[in-house]
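Q: Quick one: structure below, then a few questions.
Computed from the coordinates by the stated procedures, all read-outs in this text should not be read as laboratory data. Note that the structure is predicted; figures quoted are calculated from it, not measured. A quick note on method: Cβ atoms are made from the backbone with ideal geometry, for glycine too, and the neighbour counts reach across all protein chains shown.
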Amino acid sequence: MTTSDQSTEQDLKKAEWKVRTELAAAYRLVALFGWDDLVFTHLSARVPGPEHHFLINPYGLLFHEITASSLVKVDRDGQVVQSGGLGRVNPAGFTIHSAVHMGREDAGAVMHLHAPDGVAVSAHRDGLLPLSQTAMLCLNHLSYHDYEGVALNLDERERLINDLGDKSMMLLRNHGVLTAGRDVPETFTYLYFLMKACEIQVKAQSCGPTYMPSEQAVQTTAEQSQALGSASALTWPALVRLLDSKNPGYAV
């Protein structure tokens with residue numbers, strides 16, 4: 001191996017560890033916000049390099065237990081490439097996440113939750129409504145995918161990615177939420193906005209009749225939302241500081 005090859009290999013290892021650390025932090029943040037579902041649901045991130053591998057949680061750990069080294073590396077066929085101890089992954093998690101990673105080259109990370117407010121809005125006939133500024137910031141980024149059963153059928157991947165299109169957020173009907181972004185910080189920022197919009201909608205609709213903004217206001221906010229993902233430059237460092245104060249130890 002030449003010096004150049006060794007340098008490239010070291011750079012890839014450093015890049016992978018950075019992604020591992022960010023993804024482990026995202027798992028713990030999901031737990032901190034109360035969006036986890038025991039050992040179910042999943043967050044994933046693409047491993048830097050040409051192999052098209054991605055990282056996902058070992059099936060059996062609670063989200064607040066996830067560390068950078070415990071994440072499982074899998075290939076596009078769901079085969080474990082590197083295990084952090086618990087090598088098993090959730091089959092439904094592989095179906096959903098492999099669909100997005102394979103179908104969207106720009107999807108460096110994918111996050112899927114069953115949090116109650118997200119599921120509630122996904123089951124609402126009208127889906128996400130423009131009841132808040134937060135929701136209006138999401139609408140231009142949002143798509144929908146109909147429920148087909150527990151995501152164990154690999155044939156569903158094509159339909160899921162077709163429904164996602166070029167969007168960064170999705171409501172999986174009667175199931176939950178999904179976000180995709182260039183990296184973990186951006187994807188978590190999309191997730192935060194989508195979950196907050198769903199939480200607000202559930203609360204607003206529980207109070208009685210709701211007030212809708214004008215179409216012009218909805219359109220203006222949609223135009224203003226184009227750079228929503230870039231907010232991660234501010235939100236992610238703040239979220240990491242919060243996590244470090246509440247639940248450190250993920251970066252091992």
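Q: For Phe40, which sequence-distant residues (separation of 5 or more, or a different chain) have an amide H within less than 5 Å of its own amide H, given hydrogens modelled in the peptide plane?
A: Residues meeting the criterion, in which the H sits 1.01 Å from N, do not exist here.
Q: Enumerate the lysines that Lys18 could reach by cross-link, defined here as Cα to Cα under 16 Å, with residues fewer than 8 away along the same chain left out.
A: Correct list for Lys18: Lys73.
Q: Comparing Leu234, Leu172, Leu191, which has the greatest mean-square fluctuation in the GNM of the chain with Cα pairs linked when under 10 Å apart?
A: The residue with the greatest mean-square fluctuation here is Leu234.
Q: Can you show me the helix-derived [θ] at 222 nm for the chain, built from DSSP H runs with n ≥ 4 at -39,500 (n - 2.57) apiece and divided by the number of residues, rounded to the nearest 500.
A: That comes out to -15000 deg cm²/dmol.
Q: Would you mind putting 72-82, 196-206 in packing order, based on average other-beta-carbon counts within 10 Å, highest first?
A: So the peptides 72-82, 196-206, ranked by packing, come out 196-206, 72-82.
Q: Any idea what log10 I(q)/I(0) is at q = 0.08, 0.13, 0.15 Å⁻¹ for region 9-246, Debye with uniform C-alpha scatterers and no solvent?
A: -0.28, -0.75, -1.00
Q: What are the aspartates and glutamates whose alpha-carbon lies under 18 Å from the alpha-carbon of Lys196, with same-chain residues fewer than 8 places away excluded?
A: Answer for Lys196, where 18 Å is the Cα cut-off: Asp36, Asp37, Asp117, Asp126, Glu186, listed by chain and number.
Q: Something else now. Per 10 Å bin, what percent of the C-alpha pairs of region 140-179 does each bin hold, from zero upward?
A: For region 140-179, the binned pair fractions read 33, 59, 9 percent.
Q: Provide the percentage of antiparallel DSSP beta bridges, counting only those with both residues in the chain; round to the nearest 5.
A: 85 percent
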